[in-house]
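Worksheet for the structure shown next.
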Amino acid sequence: MTPRVAIVGSGLGGFVAYTTLRHGGLAPGEIAVLGNDPDPAGAWRPRAAAIRQRLMRSESDGHCWPTSFPGLAAREAARRRDLWPLVLSVCDRYRPTVELFLAHVDELRSSSHWDESFRQARVHHVRAVHGGFELDGHGVFRHVLLAPGHPGLARPPEFEGDPRAVHAYEPHAYASRVAIVGAGMAAATEWVNALAAGAEVTSIRRREPARRPLNVARPLFSKRGLSGFRAAPRARRAELLRGFGEPSYPPGRSWDAPLEQATREGRFHVAHELDGVDQVICATGFRRGFEHDPLLAALVSEHGLEAESRWIVLADDSTVPALTDATRTLSLAGVPAQWAFPAADTLVGMKFAARGFRARVERCRTR
Amino acid sequence: MSYTLRGRIETRLTAAVLPFLFAAVASPVLHKWWPLELAGLMIGIGLTLDAALYHPLLPYQPGWVALPLGLFELGATMGAARLLEIHAPLYPALGFFAGAWLVLQVLAHAALPLLRLTWPEDGGELGRGGIALAAAAPVAIVVVVGIAWAVEPPTVRLAAGVHPGPLVLDHAQTITGEPGAVVRGGIVITADDVTVKNVTVRGGEYGIEVDGAESVELDHVVVEGAALDGVNVRRSQVEIRNCTIRSLPAAFTQGIDISFGNDLHPSLVEGCTVTGGQEGIVTHFAMVMVRDNHISGTELRAITMTEMSMGLIEDNEIDGALGVGIFCGDYSECEIEDNAVSDVEPDLDSGDLTRLGVAIQAHRGAQAQLRDNVVRTSPGGVAAFVDATIREKR
């Protein structure tokens, strides 16, 4: 069977799209997954390990199964014969361990026959052709979902070449005096980890982080909040997206208590500039904007796609309007899909894009 | 979950389908309106709260909020049922509500996200299916209510004034008296599904006689001056609520006598005031719940449950009885709880040692279980005679 459907990117975004298509009845032979690493968590795993992340930030829907239910909470409750995960889940307090999440990815990878669809390939160009898209010599596909992931780590230019500097998402140990640049979730995790390792920590930040459970307000995960967001003029929409990207980490004593204690002991302080530290950890996240991704930048320039600020303008179902019609589909998933769904870089957001893509594929009779 | 208004309504209607169908089946089977009425009330209150309260106040609704909202809706539904005089028995009504709530939770947390992948991100909306459901819901309600209306027993309004009796009710119907409606000479009920409301009955051998009938309701009836029983029930199942019985001080008068229906569904006597007569409320070989009644001035016993009867006697107030207050006799099994019995006087003239002002008595092989009764100024206290047993219930 010649695949008519391609997923470009073999990370979690591509994996969620794959399981969603499989749930819709597509056989492994009908889908081609083009990517670097056959492990869907291959990019995510070392980053989580680097910041010593133990718990997922996302809640009950933070998994890769195509349906929201049963999620990790329900399955853990069934396995342990314990209702507590469900209780935590209905209180929005269920946070599965990274270990559990990764085991789930491994299990689903096997049961969904992901490896049968995977092709080791790096795609640099997507070119719209009659009846589909040509992917860098890998063939023409009628329906393509691009899930390229984050376009690299963001490093403040002043630390380029500084031997003391390391990015939070790269493997590292802690020196005795550490400066941590940034104020988001990764930075907060690094503060706590470095303090626990006995380091003296200086938090370098340009602004105070917001305290919220998720980056994006919960109503924006459904039509209720999305309708207002989508009705906004383009410039306002871009402004809102910038706001969602402001640094934040969840409220709670598990964050506050170690920081308060370290502040009392004189081991944690906030500063605007570096001052005599042994190590600089850049918890500054990822580069932002499609122009940092060569594949997307080329796609926009070669096809004259609409963009607003650093986002590609997408239809509400996460498809590229100029290149999608009744016979072919080009969708974006993951962080480049924020124009359609502000929380596109979460697992829920990846499902949103995947479901929109699947609906297009199912509607197309010649798939 | 962040519901849209449409999503809330469609989810609510989807969850209401099963309870509504259940009620539509239960009502004709039980010959009772309350399941349908309660279902309608529940859906109506739920939809009103969705639109007026929940949607504006809850842009995001965590799962746990379903519990306090459910309790709030339960309170509103039961309050409205009371206000609209829907006589739903408490425990079945609570069970029905709890079942419907559970269906909603299972649907919202498991079934709908499974059946419709985009349900969470669509804010609970069900697409074309939801529109069809929203359109079908009023049609279904109209059809079911229409059928129910068509098969409902006729209602007869009894005008104010005195109507000569005996009034014989031999087919299903509802008699509703206007203020001042009086039947002189008694009412005889021989058919199932008869309801008598707001009627005063004067005279007659029996004030109201129910014979071989089921699902009979007597609501707010007043019986005065009957020669024998205020209400006489034989081989029947009745629910008597909020009645007033004033018995004559004659040798054989009884307020309410329910007998020989042990093989039928339990009867109920609730919220009645019974004054005078030999016995206040008496059951022979029947299953009866006697609760929240006030009985006073009886000359033999205030409440009698005897001849292998079974039942619950709870929350009654008894005062000024002669001889015995509550009597559980002749191999009956009685649960006697939360009653207040006071001023039971010894019947010295009878020469009967079992009638010396006994507030609660078990007699001849009967088994009485007691809990939280209050006994005042009754010299005989609580006593068992002739192989009867009294146990305190924990």
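The values are calculated or read from the model by the stated rules, or taken from the named source; none is laboratory data. Quantities reported herein were computed from a predicted structural model and do not represent experimental measurements. Quick reminder, even Gly has a Cβ in these numbers, built from the backbone with ideal geometry, and neighbours come from all protein chains shown.
The table for this structure:
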{"read-out": "Condition broken by B:Ala140, with the remaining ones in (1) within 14 Å of chain A (Cβ to nearest Cβ); (2) of a type in the set (Gly, Ala, Ser); (3) touching a Phe, Trp or Tyr at 6+ places or on another chain (Cβ under 8 Å) satisfied", "value": "(1)"}
{"read-out": "Filter result for B:Gly129 (surrounded by 18 or more Cβ atoms within 10 Å (Cβ to Cβ) and over 37 Å from the mean Cα position of the chain (by Cα))", "value": "no"}
{"read-out": "Residues (more than 10 Å from chain B (Cβ to nearest Cβ), in a helix (DSSP H, G or I) and either buried (at least 20 other Cβ atoms within 10 Å of the Cβ) or aromatic (Phe, Trp, Tyr) (or both)) located in region A:89-103", "value": "A:Phe101"}
{"read-out": "Long-range neighbours under 7 Å by Cβ, at least six apart or interchain, first residue of a type in the set (S, T, N, Q) within region B:22-43, second at pLDDT 85 or above and part of a helix (DSSP H, G or I)", "value": "B:Ser27/B:Pro35; B:Ser27/B:Leu36"}
{"read-out": "Flag if B:His87 is closer than 30 Å to B:Ile240 by Cβ, more than 14 Å from chain A (Cβ to nearest Cβ) and crowded, with 17+ Cβ neighbours inside 10 Å", "value": "yes"}
{"read-out": "Qualifying positions in region B:363-392 - under 14 Å from B:Gly329 (Cβ atoms), β-branched (Val, Ile, Thr) and within 31 Å of the chain's Cα centre (by Cα)", "value": "B:Thr389, B:Ile390"}
{"read-out": "Extreme residue, nearest to the other protein chains (Cβ to nearest Cβ), among residues of region A:186-225 that are polar (S, T, N, Q) and farther than 19 Å from A:Arg54 by Cβ", "value": "A:Ser222"}
{"read-out": "Members of region B:48-84 found to be among the aliphatic types (A, V, I, L, M) and within 14 Å of chain A (Cβ to nearest Cβ), listed by number", "value": "B:Leu57, B:Leu58, B:Val65, B:Ala66, B:Leu67, B:Leu69"}
{"read-out": "Residues located in region A:236-287, provided they are within 20 Å of A:Arg205 (Cα to Cα), of a type in the set (Asp, Glu) and assigned to a loop (DSSP other than H, G, I, E, B)", "value": "A:Glu246, A:Glu273, A:Asp275, A:Asp278"}
{"read-out": "Residue within region A:288-310 that is aromatic (Phe, Trp, Tyr) and in a strand (DSSP E or B) present", "value": "no"}
{"read-out": "Residue match in region B:109-120 (condition: out of contact with any strand residue (DSSP E or B) (no Cβ under 9 Å at 6 or more places or on another chain), more than 12 Å from every other protein chain (Cβ to nearest Cβ) and closer than 29 Å to A:Gly228 by Cβ)", "value": "no"}
{"read-out": "Number of positions in region B:302-331 that are among the β-branched types (Val, Ile, Thr) and surrounded by fewer than 24 Cβ atoms within 10 Å (Cβ to Cβ)", "value": "1"}
{"read-out": "One residue from B:Arg6, B:Arg12 being assigned to a helix (DSSP H, G or I), within 13 Å of another protein chain (Cβ to nearest Cβ) and at pLDDT below 95", "value": "B:Arg6"}
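Here is a yes/no grid of residues against (1) free of Cβ contacts under 8 Å to residues at least 40 places away in the same chain; (2) in contact with a Gly (Cβ under 9 Å, 6 or more places away or on another chain); (3) part of a loop (DSSP other than H, G, I, E, B):
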position	(1), (2), (3)
B:Ala134	no, no, no
B:Ala137	no, no, no
B:Ala140	no, no, no
B:Val145	no, yes, no
B:Val156	yes, no, no
B:Val168	yes, no, no
B:Thr174	yes, no, no
B:Val182	yes, yes, no
B:Val188	yes, yes, no
